[in-house]
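Below: one structure, written as structure tokens.
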Amino acid sequence: MDIPDGVEAAPDQVCKLQKSLYGLKQASRKWYEKLTHLLIQQGYSQSTSDYSLFTLKNDGDFTALLVYVDDIIITGNSLTEFSRIKAILDVNFKIKDLGILKYFLGLEVAHSKNGICISQRKYCLDLLASSGLLGSKPANTPLDPSTNLHQDDSPPFEDISTYRRIIGKLLYLNTTRPDISLATQQLSQFLNSPTITHFKGACRVIRYLKQNPGKGILFPRNSNIQIQGYVDADWAGCHDSRRSTTCFIFFLGDSLVSWRAKKQATISRSSSEAEYRALSTAACELQWLLYLLKDLDITCDKQPALYCDSQSAIHIASNPVFHERTKHLEIDCHFVREKVQKNVLMLMPISTQEQLADFLTKALAPPKFRDFIAKLGMIDIYHSQACGRVLRDEVKN
């Protein structure tokens, strides 16, 4: 740390740091340590499945605090505890109470009698405006079914920083837009050397968002508590590395709570192996969700179910007999077999036409893509079909 101007000091003297300031590498760590120590001192327990979650259970009352740096969400069934913990936080940190949750880190939260809807409408509109595509023609799907994104021979895209900035914003939009997860996963593979084709693919995703910038996820208030997962894999779908893509989505009752499209770490020798690896990854996600629900003091009504459209993968997970064609699989892949034997989850077969995770494995035609998206519980509470309509309404208000 340099000596400030106007301070007289010998050449061999330096400033002694008394307090951590914003911008220093250890500032966030010190803040987190102090906040954690205070909450634990007040009787809260830190979740082991998510270290940013703190819970307090006392005589039928339950309170949960979710922390992101210096932004905190408080929920529970005790208004008395709300007032108590907010007063303690205000004494120690001088907090600002923003009332009922409506906006949090770019997430817009709308409350109604039917449930809670979370969207990123403003963030999406800002992305459209900054990319210069506000007046462009909307696209029906985020990916062109006739184009397979890979490291092609098209001219390189010169402004790499712009491409990276767009992909970074699209990645954050994945928080409430599972319909663009596959497109973002594929486009993020070319951050080092994007081409014109990749940039056009990113622009197509933005033009797709223009159709419904306010679309988000609905969490119904009346829903059963059962975890249902759908897992699928695209065998050797990557043309550059021939690796498969693991895709899964999870519902808690009727609410979509988790989804992912990620390339597998190794090359699979068969479609059965790719599906089994995807099944193992989904089982890990399911186990984490069970741990999280336990920390939130929530008990599932029924045994969790995992739906897979590969009969061979289900047989490998259910049959403990050693086979020659499965001897090369890593031990951690058999994690799903252990969970099935312990009745933590049950594997259920499903047809490919009803496999909800299928839209995360490949680009689909518009009619089929809309059918899958309609089953995810996504709605647009603004009922606008074009961004021009939204912006004019904002001006009137």
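The values are calculated or read from the model by the stated rules, or taken from the named source; none is laboratory data. Everything quoted here is computed from the prediction, not taken from an experiment. Cβ sites come from the backbone with ideal geometry, for glycine too, and all protein chains shown count toward neighbours. For the accessible areas, the whole protein counts, side chains as well, though only heavy atoms, and no ligand, DNA or RNA atoms are used. Shrake-Rupley method; radii C 1.70, N 1.55, O 1.52, S 1.80 Å.
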By the mean-Cβ-within-10 Å protection proxy, highest first, 47-58, 223-234 rank as 223-234, 47-58
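Output the peptides 165-177, 339-351 sorted from most to least packed, where packing is the average of other Cβ atoms within 10 Å over each peptide's residues. Walk me through the numbers before you get to the answer.
Details: 165-177: 18.7, 339-351: 14.5.
Packing proxy ranking, top to bottom: 165-177, 339-351.
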What is the distance in Å between the Cα centroid of the stretch 43-58 and that of the stretch 81-107? 17
Candidate values (1) 19.1; (2) 23.1; (3) 27.3, label of the one derived for mean projected area of the Cα convex hull in nm²: (3)
Over the stretch 44-164, what percent of the accessible surface lies on carbon and sulfur atoms, probe 1.4 Å? 54
Quick check: from the Cα gyration tensor, does the stretch 194-315 come out rounded (a/c under 1.5), prolate or oblate? oblate
I'd like to check one number: the per residue accessible area of the stretch 178-301, probe 1.4 Å, reported in Å² as a whole number. 39
About its Cα centre, the stretch 1-156 carries a charge dipole, from +1 on Lys and Arg Cβ atoms and -1 on Asp and Glu Cβ atoms, whose size in debye to the nearest 20 is 540
Filter the chain for me: DSSP H helices, axial length by Cα at least 18 angstrom, mean Kyte-Doolittle hydropathy not below -0.5. List them by residue number. 79-93, 160-173, 196-211, 271-295
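Please sort 256-264, 271-279, 84-92 by packing, taking for each peptide the average over its residues of neighbouring beta carbons within 10 angstrom, highest first.
On the way: 256-264: 19.2, 271-279: 24.6, 84-92: 14.2.
In decreasing order of mean packing, 256-264, 271-279, 84-92 become 271-279, 256-264, 84-92.
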Within the stretch 145-164, find all residues whose amide N lies under 15 Å from a label point positioned 7 Å from the Cα of residue 365 along Cα-to-beta-carbon. 145-147
What pairs in 169/375; 262/302; 30/339; 122/362; 16/94; 34/262 have C-alpha atoms more than 30 Å from each other? 30/339; 34/262
Could you give the distance between the Cα centres of the stretch 256-319 and the stretch 125-152, to the whole Å? 31
How big is the dipole moment of the chain about its Cα centre under a simple scheme where the beta carbon of each Lys and Arg is +1, that of each Asp and Glu is -1, and everything else is neutral? Debye, nearest 20, please. 620
Projected label distance in nm at residue 103 and residue 354, using a 7 Å step from Cα toward the beta-carbon: 4.4
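Skip the ligands, DNA and RNA, and give the accessible area per residue of the stretch 28-177 with a 1.4 Å probe, whole Å².
With all protein chains present, the stretch 28-177 gives 59 Å² per residue.
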Rank 139, 115, 100 by how far each Cα sits towards the positive end of the charge dipole of the stretch 89-236 (+1 on Lys, Arg Cβ; -1 on Asp, Glu Cβ) and give me just the farthest. 100
What does the charge count around residue 135 come to, taking other residues whose C-beta lies under 11 Å from its C-beta (Lys +1, Arg +1, Asp -1, Glu -1)? +3
Given R₀ = 41 Å, what would the calculated FRET efficiency be for residue 171 paired with residue 315, taking r from the Cβ atoms and rounding to 0.05? 0.70
Cross-link reach from residue 210 to aspartates and glutamates, straight Cα distance under 15 Å and at least 8 residues apart if same chain, gives 126, 179, 380
By how many nm would the segment from residue 136 to residue 28 grow when fully extended, if each residue of separation counts as 0.36 nm and the alpha-carbon distance is taken off? 34.8 nm
